[in-house]
Every structure is written in structure tokens, then in C-alpha cells.
1. Using each residue's phi in region 207-222, evaluate 6.51 cos²θ - 1.76 cosθ + 1.60 at θ = phi - 60° and report the 3J(HN,Hα) Karplus result to the nearest Hz, with x for Gly and Pro.
2. Starting from the Cα of Val21, move 7 Å in the Cα-to-Cβ direction to define the label point; list residues of region 78-97 whose amide nitrogen is under 15 Å from there.
3. Pop out the ³J(HN,Hα) list for region 117-127 in order, Karplus 6.51 cos²θ - 1.76 cosθ + 1.60 with θ = phi - 60°, rounded to Hz; leave Gly and Pro as x.
4. Please state, to two decimals, what the Cα-based radius of gyration of the chain comes to when divided by 2.2 N^0.38 Å (N = residues).
5. In whole Å, what is the distance between the alpha-carbon centres of region 123-150 and region 204-226?
6. Once the principal axes of the Cα atoms of region 124-258 are found, what is the range along each, listed largest first in whole angstroms?
7. Collect residues whose amide H, placed 1.01 Å from N in the peptide plane, falls under 5 Å from the amide H of Leu206; neighbours closer than 5 in sequence don't count.
8. Which shape class, rounded, prolate or oblate, goes with region 1-131 when its Cα gyration tensor gives a ≥ b ≥ c as root eigenvalues, a/c under 1.5 marks rounded, and past that a/b bigger than b/c marks prolate?
Amino acid sequence: MDNRTVFDAHFHIVDPQHPLVRNQGYLPEPFTCREYRDACTALGLPVGGGAVVSGSFQAFDQGYLLAALAELGPGFVGVTQLPASVSDARIFELHAAGVRAVRFNLKRGGSEDARHLASMAQRVHELVDWHVELYVDSSRLAELLPTLLQLPRVSIDHLGLSRSGFTDLLRLVEAGVAVKATGFSRTDMDVAEALRAICAVNPQALMFGTDLPCTRAPRPFAASDLQLLQDALPANVLAGVLRDNARRFYRLDAALTE
């Protein structure tokens, strides 16, 4: 991979040829793989890989995700939503297609219930070395801490969203949980301060992502978000945040996981 490229650790593909489920009255506009690549080009963003993340409005559909991964090609992985009843055989099939994590959307629903979080996290880790990704407000982390601290690998979306519970987020970072530097307009905190605080605990925890097409966000991702991140963090950790941390976390680069 070209050292100038970034790994987009969080974006969505919305393909209306596959099932979409209205979530809290919301259905997104289409956002195809081609539109994603065009958006990155328009932003001047040299994307060399990334993670396609299942949204609340896609529920347990895998068709769109498998099609997107096939079209996007090497360097891209999937983050899916699965029911607890999913078979081992299906998990192995998804892994072979490039899926590398299962998502629990505790903020908006559309995924499996949190009561299955611990058992599914252990199961997918043991079967295929996947991690779990949480869309959760940090204000809920206190109640989840006993569970999350026992899980093998976890990431949290959008900096945890809120100042309330941010100290709990930092405790998880100290324990090895990864945090996506995404969705800056979704948060109620000083983003630069939050980035620096997480980096101070563990600079390998942060993973950059565009969150494109930024469904339901107050505003879409902009080049200024990337500039904010670059201004907030030391130059010696930026390559990790923009690329290497996520590639390591998603098990994409054997040299980085050794």
C-alpha cells in the first residue's frame, strides 16, 4: 500500500437494489460504491482501503455488503450486523468474503440486542478472530463497562458521541479498546481535545474514518475534518491514525499484527 493513502475505517454503502429497513422513520438516499469513490476524489482523499459498515437501515441483510466488497476489491473489509441465531457456517462464509467485525447499534437499533453482546463477541472472536463494533453514546458506558472489559476486542464509533461518560471511554482505551475518529459533527465535545486525550492514553487506539455519506449527521464529512485531526495530533502518530492502526485492528496487514 502507498504510504500516502489512508484507510477509511468507517463508511456506508447504500444500495437500493438490496433490502432497506426504515429506522425511526428514516431511509437514506442511495450511495453506491462509485459515488463513494467519487466523493473521496472530490475531497482529495487518497483512500487505499476501508471498512464498509452496516447501518441501522440495513438490519441483517448481507447482500449489499457482499456486493460492495466484491466491487471495492482488496483492502476493503466489512462490518456486518448478525442475529444471535446465525450459524457458524454463515460466519465462515462472510469471513471468506472479507467481513471482519460484527456491529451492535445501541444508539439506533437495527442490530442484535445488547444482551447477546458478550456471547457473540466471544463466539466470532473464537471462530474467525473478529471484533465487535459499538455505536453507543458514552453516557451508557458505565453500565456496559463490566461486560466490555471482558471482551477480546472492541471498537467504539464516533468518539463515543458525548462528553458524558468520556472518562469511561478513556478507561476502555486504556484497556485496549479502539475508537473511531469519525462523525465529528455528531459529537457535543471539543473534538481536538477528545482526540488528544485518547492519543495520550493510547495513540494506537484511534482509527480515522469519513462516515460517508454521513446519514443523519448534522453535516457531511469535509476536508476540514481531516485538517482538524492533522492539527490536533502529533505528526509521529498520524500515519497510525490515518492508516496503520485500522489495518492492524482489522487484521489486514500480517506485518503489522506480528
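1. Each residue of region 207-222 in turn: 9, 6, x, 8, 6, 4, x, 6, 4, 6, 6, x, 8, x, 4, 9 Hz.
2. Within reach of a label on Val21: 80-86.
3. Each residue's phi maps through the Karplus curve to give 4, 4, 5, 6, 4, 5, 5, 5, 5, 5, 6 Hz.
4. Working: Rg = 16.7 Å, N = 258, 2.2 N^0.38 = 18.1 Å.
Cα Rg divided by the expected 2.2 N^0.38 Å: 0.92.
5. About 22 Å separates the Cα centre of region 123-150 from the one of region 204-226.
6. 39, 36, 29
7. Val179
8. Details: a/c = 1.93, a/b = 1.31, b/c = 1.47.
Cα axes put region 1-131 in the oblate bin.
The values are calculated or read from the model by the stated rules, or taken from the named source; none is laboratory data. A quick note: this is a predicted structure, and the numbers were derived from the prediction, not measured. Here the Cβ is made from the backbone with ideal geometry for all residues, glycine too, and neighbour counts use every protein chain on show. Just the protein is used for accessible areas: all its heavy atoms, side chains included, with ligands, DNA and RNA removed. Shrake-Rupley method; radii C 1.70, N 1.55, O 1.52, S 1.80 Å.
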